[in-house]
Amino acid sequence: MKKNELILAIETSCDETAVAIVENGTKILANAVASQIESHKRFGGVVPEIASRHHVEQITLVIEEAMKEAAVTWQDIDAIAVTEGPGLVGALLIGVNAAKALAFAHDLPLINVHHIAGHIYANRLVEELAFPLVALVVSGGHTELIFMQEHGSYEVIGETRDDAAGEAYDKVARTLDLPYPGGPHIDRLAHQGGVTIDFPRAWLEPESYDFSFSGLKSAVINTLHNAKQRGEELKAEDVAASFQASVIDVLVEKTARAAEQYEANQVLVAGGVAANKGLRTALEKKFTQLERKLIIPPLSLCTDNAAMIAAAASIAYKKGRRADMALNGRPSLTLM
Ligand code: KG4
Ligand code: ZN
């Protein structure tokens with residue numbers, strides 16, 4: 001009998017150096033993540049040059065950690081997967097070169113993975129995917145609604161026209177003097193405050209599944225600025241709650257409309273903002289009402305990790321899709 005398929009995956013597109021080993025695309029044997037958040041915090045955001053340096057320092061250690069955690073040898077590994085893009089070019093290159101070196105040294109197939117495909121496939125580590133499905137991807141760099149008819153087929157039906165949801169969270173957090181990344185802090189404050197300010201909701205054209213968050217972000221900044229000039233004290237908790245309500249309304253409503261129109265068997269949520277408690281609760285409520293299956297991965301699989309890259313790579317591996325030694329990091333890679 002053939003032994004189980006083991007894929008070692010590497011993810012270095014932003015500020016996490018991550019290596020995972022996953023069995024049959026669904027079972028996590030190791031999921032090691034070295035976060036750089038502390039190093040970027042004092043700059044209020046990810047500094048690309050610093051990210052690359054950290055990846056170089058960490059990558060071999062994290063690979064060793066994952067191999068040890070999974071208790072496997074190189075003979076057990078069937079393929080090496082890596083995030084090809086999108087992301088920071090200098091950061092991507094560290095992962096891609098590490099993956100190529102491992103594939104060459106151990107004579108293993110190399111599989112390139114799109115970062116967003118990875119985020120979507122984080123859901124496969126929770127439950128086997130059932131098609132057709134609609135996925136809401138909300139992270140620091142992306143806000144997209146994606147329709148999938150089958151494995152590996154992605155139709156972007158909506159995307160942000162300006163800021164990503166996570167980006168809006170981080171910018172509003174900075175205005176409120178909260179540390180980077182601001183998303184979790186706004187989430188926490190929102191639960192201590194009330195929706196006292198009616199911030200705008202960008203519905204765009206009635207049929208559109210696109211998003212826009214820059215108007216909301218400006219509205220929050222202007223409201224804070226005007227209150228300050230008038231000498232009024234706005235409670236940060238109320239600002240956070242009002243901002244979060246506006247983001248969640250639009251995300252939930254558009255996802256629900258897409259799920260209905262595309263008759264989705266499953267609705268998947270992915271990306272760092274999927275860790276948001278308010279969003280999770282609102283989505284659960286909505287899809288219980290609509291009687292549609294909703295999957296939201298645990299927090300550790302929502303933020304950047306390599307297990308999700310291995311889960312996506314497993315499908316490509318079975319289809320025989322391989323990358324060669326010309327593989328490069330592609331910062332603006334589109335999802336196809
Ligand atoms: O997917 P991710 O780890 O990295 C990217 O690929 O961008 O997402 C990071 C983003 C950050 O903007 C962070 O503020 C946001 O996810 N985030 C949250 C929460 N946890 C992380 N946003 C809102 N609420 C949260 N609880
Ligand atoms: Zn991500």
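The values are calculated or read from the model by the stated rules, or taken from the named source; none is laboratory data. Everything numeric here is computed off the predicted structure, so don't read it as measured data. Counting neighbours? That spans all protein chains shown, and the Cβs are built from the backbone with ideal geometry, glycine included. Side chains included, ligands, DNA and RNA excluded: accessible areas come from the protein's heavy atoms. Shrake-Rupley method; radii C 1.70, N 1.55, O 1.52, S 1.80 Å.
Cβ-Cβ contacts under 8 Å between residues 6 or more apart (or on different chains), taken from a first residue in region 73-86 that is touching a residue at least 60 places away in the same chain (Cβ under 8 Å) and over 13 Å from ALA99 (Cα atoms) to a second residue that is of a type in the set (Ser, Thr, Tyr) and crowded, with 24+ Cβ neighbours inside 10 Å, are listed as GLY85/SER13; PRO86/SER13.
ALA99 meets the conditions (1) farther than 12 Å from LEU327 by Cα; (2) open to solvent by less than 20 Å² (accessible area, probe 1.4 Å); (3) assigned to a helix (DSSP H, G or I) in every case but one. The failed one is (1).
Is it the case, given these coordinates, that LYS235 is open to solvent by 30 Å² or more (accessible area, probe 1.4 Å) and more than 17 Å from ALA168 (Cβ to Cβ)? Write out each step before concluding.
Numbers: open to solvent by 30 Å² or more (accessible area, probe 1.4 Å): yes; more than 17 Å from ALA168 (Cβ to Cβ): yes.
Here the answer is yes, as LYS235 does meet what is asked.
Applying the condition of being of a type in the set (S, T, N, Q) and away from ligand 2 (no atom under 15 Å from the Cβ) to region 8-43 and asking which residue is least open to solvent (accessible area, probe 1.4 Å) yields SER39.
Scanning region 225-257 for residues that are under 16 Å from ASP210 (Cβ atoms) and touching a Gly at 6+ places or on another chain (Cβ under 7 Å) returns a single hit, LYS254. The residues of region 137-170 that are within 15 Å of ligand 2 (Cβ to nearest atom) and among the hydroxyl-bearing types (Ser, Thr, Tyr), listed by number, are SER139, THR143, THR160, TYR169.
Within region 129-163, if we keep just the residues that are hydroxyl-bearing (Ser, Thr, Tyr) and farther than 16 Å from SER212 by Cβ, the residue that is farthest from the chain's Cα centre (by Cα) turns out to be SER153. Looking only at region 44-70, residues that are free of Cβ contacts under 8 Å to residues at least 40 places away in the same chain and either open to solvent by 50 Å² or more (accessible area, probe 1.4 Å) or outside any helix (DSSP H, G or I) (or both) come to 8 in all. When SER153 is tested against (1) in contact with a Phe, Trp or Tyr (Cβ under 8 Å, 6 or more places away or on another chain); (2) open to solvent by 30 Å² or more (accessible area, probe 1.4 Å), just one condition goes unmet, and that condition is (1).
Could you say which residue among GLY158, GLY118 is touching a strand residue (DSSP E or B) at 6+ places or on another chain (Cβ under 8 Å), within 16 Å of ligand 1 (Cβ to nearest atom) and open to solvent by less than 30 Å² (accessible area, probe 1.4 Å)? Walk me through how you get there before you give the answer.
On the way: GLY158 fails: within 16 Å of ligand 1 (Cβ to nearest atom).
Sole residue among the options that is touching a strand residue (DSSP E or B) at 6+ places or on another chain (Cβ under 8 Å), within 16 Å of ligand 1 (Cβ to nearest atom) and open to solvent by less than 30 Å² (accessible area, probe 1.4 Å): GLY118.
Quick one: would you say PRO331 is out of contact with any Cys (no Cβ under 6 Å at 6 or more places or on another chain), buried (at least 22 other Cβ atoms within 10 Å of the Cβ) and either farther than 23 Å from THR160 by Cα or not hydrophobic (A, V, I, L, M, F, W, C) (or both)? Answer is no for this residue.
Of the residues GLY166, GLY193, GLY182, only one is surrounded by 14 or more Cβ atoms within 10 Å (Cβ to Cβ), within 15 Å of ligand 1 (Cβ to nearest atom) and without any contact (Cβ under 8 Å) to a residue 24 or more places away in the chain; which?
Working: GLY166 fails: without any contact (Cβ under 8 Å) to a residue 24 or more places away in the chain; GLY193 fails: without any contact (Cβ under 8 Å) to a residue 24 or more places away in the chain.
Among GLY166, GLY193, GLY182, only GLY182 is surrounded by 14 or more Cβ atoms within 10 Å (Cβ to Cβ), within 15 Å of ligand 1 (Cβ to nearest atom) and without any contact (Cβ under 8 Å) to a residue 24 or more places away in the chain.
Restricting the search to region 283-318, which residues are buried (at least 17 other Cβ atoms within 10 Å of the Cβ), in a helix (DSSP H, G or I) and either within 16 Å of ligand 1 (Cβ to nearest atom) or among the acidic types (Asp, Glu) (or both)?
Taking region 283-318 first, the residues buried (at least 17 other Cβ atoms within 10 Å of the Cβ) are 283, 286-287, 292, 294-297, 301-317.
Restricting the remaining residues to those that are in a helix (DSSP H, G or I) gives 283, 286-287, 301-302, 307-317.
Matches in region 283-318: LEU283, LEU301, CYS302, ALA307, MET308, ILE309, ALA311, ALA312.
Only residues that are surrounded by 24 or more Cβ atoms within 10 Å (Cβ to Cβ) and either acidic (Asp, Glu) or within 16 Å of ligand 2 (Cβ to nearest atom) (or both) were counted in region 263-280, giving 8. Against the numbered list (1) more than 22 Å from HIS114 (Cβ to Cβ); (2) open to solvent by less than 10 Å² (accessible area, probe 1.4 Å), LEU251 comes up short only at (1).
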